[in-house]
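One structure is given below, encoded as structure tokens.
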Amino acid sequence: MAEQSGPTMAQAQANLESLQRIFTIPESSGATLAQIDAAISNNLDGFLRQHIVAIEKDLSEIETAFNSAVIPEQPYYVSDYTDFILKDLVSQSVHTSSPGFVGHMTSALPYFMLPLSKIVTALNQNLVKVETSKAFTPLERQVLGMLHRLIFQAEDGFYQQWLHDSEYALGAFCSGGTVANITALWSARNRLLGEGNIARKGLFGALQQANLKGLAILVSRRGHYSLAKAADLLGVGRDNLIAIDTDGDYRVNMLAMRERAAQLQEEGMGILSVVGLAGATETGSVDPLDELADLSEELGAHFHVDAAWGGATLFSDKHRSLLKGIERADSVTIDAHKQFYVPMGAGMVLFKEPGTLNSIEHHAEYIIRKGSKDLGSHTLEGSRPGMALLVHAGLNIIGRKGYELLIDQGMDKAAYFAAAIDAHPDFELVVEPRLNILGYRYCPASLQQRLQAELPEVKQKINAVLDRITSRIQKAQRAAGKTFVSRTRVDCHRYGDEVITVFRVVLANPLTDHEVLDQVLEQQLELAEHPEIQALLADIDSL
Ligand SMILES: *Cc1c(COP(=O)(O)O)cnc(C)c1O
């Protein structure tokens, strides 16, 4: 890389000329930044291994490097700044692409996402309007069309007609599943109450006119917390996000939902939406989508499917049928920054009918004018980056077959890991993997037997201690830094619907192999030997 000589930012003390330079060419002291850039490009895994320190520091200790609120008066040398990046920031970040990091939905990225991300930054397109994005606008519409087709399988003629029709939108590209869910429910609300009414008069006037006491959203207990944010923002109210119980497989109980819907309608509430989950965040469960579609039709309610996680399962010939019924949804959320292996900040909501998003359409005079092709007229967000390029790249470079392979191997690994847990006497599989997410806990065989026989009060006490054991092992494993699982709380039907703490494992990292998974269990068994855990187990014996 050509290094420039001449005054650096710091030497020149912020004169205009040197300020202009940093917008065009790197200053000579940018060399370390260029080295980091090269190291990341040449050997990302090596860079992360070298620079992320595996030993966990307490966050309060890390905060000491970030405790000044003063904006530096004088310019810095870029090289000084990169010292800070390596020493204080990268070293204490999380190695999310590590094969042993199987606790969350964030994993490794294909290498081409790095240079492509740089191109997105370099071009700095703003997708809100054509005047700042040009070719990126049809690109984004194409990506939305591809996803629409993956879900709804409409005829070719449908896409010929709608793909680039500026009056309509097959979906909205956004920063993630949260905004996608909000957008879906926003359009459902406006359609239910008449877009002219609600958008202009506000919720109170529109409800009065519709003769409704309020609105309700129905979803299983396993619904993502973003739905609660949506209920709050849209004026529905969190209390009216109705959480329905699930069956032994963490799928929504249809009978309970049907009864609750009838009851709400009787009370004068409008059913804003029935929401189905295709890959619940904590359990990976998939609701009976066909039955939910039937219910939505009966109720005349918008049917939304949150497939932020599980949507990518549609790539797999073998597993696609698990999501049967998704094609009947009015709207579907999919996160590309999860199982499409795109960097953070890429979500989408797709609408079956091209006119649905018109219910939230907004225009302004200087941009997103009526009749323009500006994408900003159909999105919640304003300025947005050209992330669609990264999704487009994944779809082209990895392709349907490639994604199928990624999905299938994740499912196979989940099945392998579930079998390993099941086969081990001291682990108890609690959440069986329906997709590639599962839950389990450390619970010695003798205790598993005892739990079957005990009275409810004793069971509860035993489970409370086991919860503490699970938490301790999870924290100790995270601190040791070799492998990582997360933890959550789920209802356990085996023990009378008690809510218990479990290790949560998400198997989407292509670099994770069986050996790593065996190590996860071995390390947990080692950690269970710790005197503190043994003391807790002794406590249980005396219960
Ligand atoms: C991840 C997730 C979301 C939220 O997506 P963000 O991208 O984190 O905003 C919503 N629903 C489900 C089921 C998810 O897994």
For every helix of n ≥ 4 consecutive DSSP H residues, a contribution of -39,500 (n - 2.57) applies; sum these over the chain, divide by its total residues, and give [θ] at 222 nm rounded to the nearest 500 deg cm²/dmol. -13500 deg cm²/dmol
Just how many % of Cα pairs in the stretch 215-341 lie over 18 Å apart, if you round to the nearest whole percent? 49
By average Cβ neighbour count within 10 Å, what is the ranking of 384-390, 272-278, 126-132 from highest down? 272-278, 384-390, 126-132
One-quarter of the Cα convex hull surface for the chain, in nm²? 28.9
Does the stretch 123-400 come out rounded, prolate or oblate, given a ≥ b ≥ c as the square roots of the eigenvalues of its C-alpha gyration tensor, rounded meaning a/c under 1.5 and, failing that, prolate meaning a/b above b/c? oblate
Using r as the Cβ-Cβ distance of Lys318 and Asn396, and R0 as 30 Å, what FRET efficiency do you calculate, to the nearest 0.05? 0.85
For the stretch 482-543, averaging the sequence separation of alpha carbon pairs under 8 Å that lie six or more residues apart and dividing by its residue count, the contact order in percent is 24
Mean-position separation - Cα centroids, the stretch 80-113 and the stretch 266-334, in angstrom: 33
Averaging sequence separations of C-alpha pairs under 8 Å and six or more residues apart, then dividing by the length of the stretch 123-400, give the relative contact order as a whole percent. 28
Given q = 0.10, 0.13, 0.16 Å⁻¹, what are the Debye log10 I(q)/I(0) values for the stretch 410-541, with equal point scatterers placed on the Cα positions and solvent ignored? -0.30, -0.51, -0.78
Between Ser93 and Thr64, what length in nm is gained on full extension when 0.36 nm per residue of separation is reduced by their alpha carbon distance? 8.9 nm
Scan the chain and note any complete DSSP helix (H) whose C-alpha atoms cover at least 30 Å along its axis and whose Kyte-Doolittle average is -1.0 or more. 399-423, 456-480
Which order do Arg369, Arg441 fall in if you start with the one that has the fewest other Cβ atoms within 10 Å? Arg369, Arg441
Give the separation of the Cα centroids, the stretch 447-461 to the stretch 363-424, in Å. 44
What does DSSP give for the chain in terms of the percent of beta bridges that are antiparallel, rounded to the nearest 5? 60
Considering the dipole of the stretch 402-484 built from charges on the beta carbon (Lys and Arg +1, Asp and Glu -1) around the Cα centre, which of Gln409, Ala464, Val431 is farthest to its positive end? Ala464
Please state the relative contact order of the stretch 303-433 as a whole percent: Cα pairs under 8 Å, 6+ residues apart? 23
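For the stretch 351-412, state which chymotrypsin sites (Phe, Trp or Tyr not before Pro) are in a DSSP loop and have at most 11 other beta carbons lying within 10 Å of their beta carbon.
Sparse-neighbourhood loop chymotrypsin sites (Phe, Trp or Tyr not before Pro): Tyr366.
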Coil-residue GluC sites (Glu not before Pro) of the stretch 241-314, DSSP, other Cβ within 10 Å capped at 16: Glu267
Can you compute the modelled spin-label distance between Ala445 and Val499, with each label point 7 Å from Cα toward Cβ, in nm? 3.3
With respect to the cross-link table entries Lys352/Lys413; Lys129/Lys401; Lys118/Lys352; Lys134/Lys370; Lys57/Lys87; Lys129/Lys370, which display a Cα-Cα separation exceeding 23 Å? Lys352/Lys413; Lys129/Lys401; Lys118/Lys352
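A short reminder: the numbers here are calculations on the coordinates, not readings from a lab. Not measured: the values here are computed from a predicted model. As a convention, Cβ positions derive from the backbone with ideal geometry for all residues, glycine included, and neighbour counts pool all protein chains shown.
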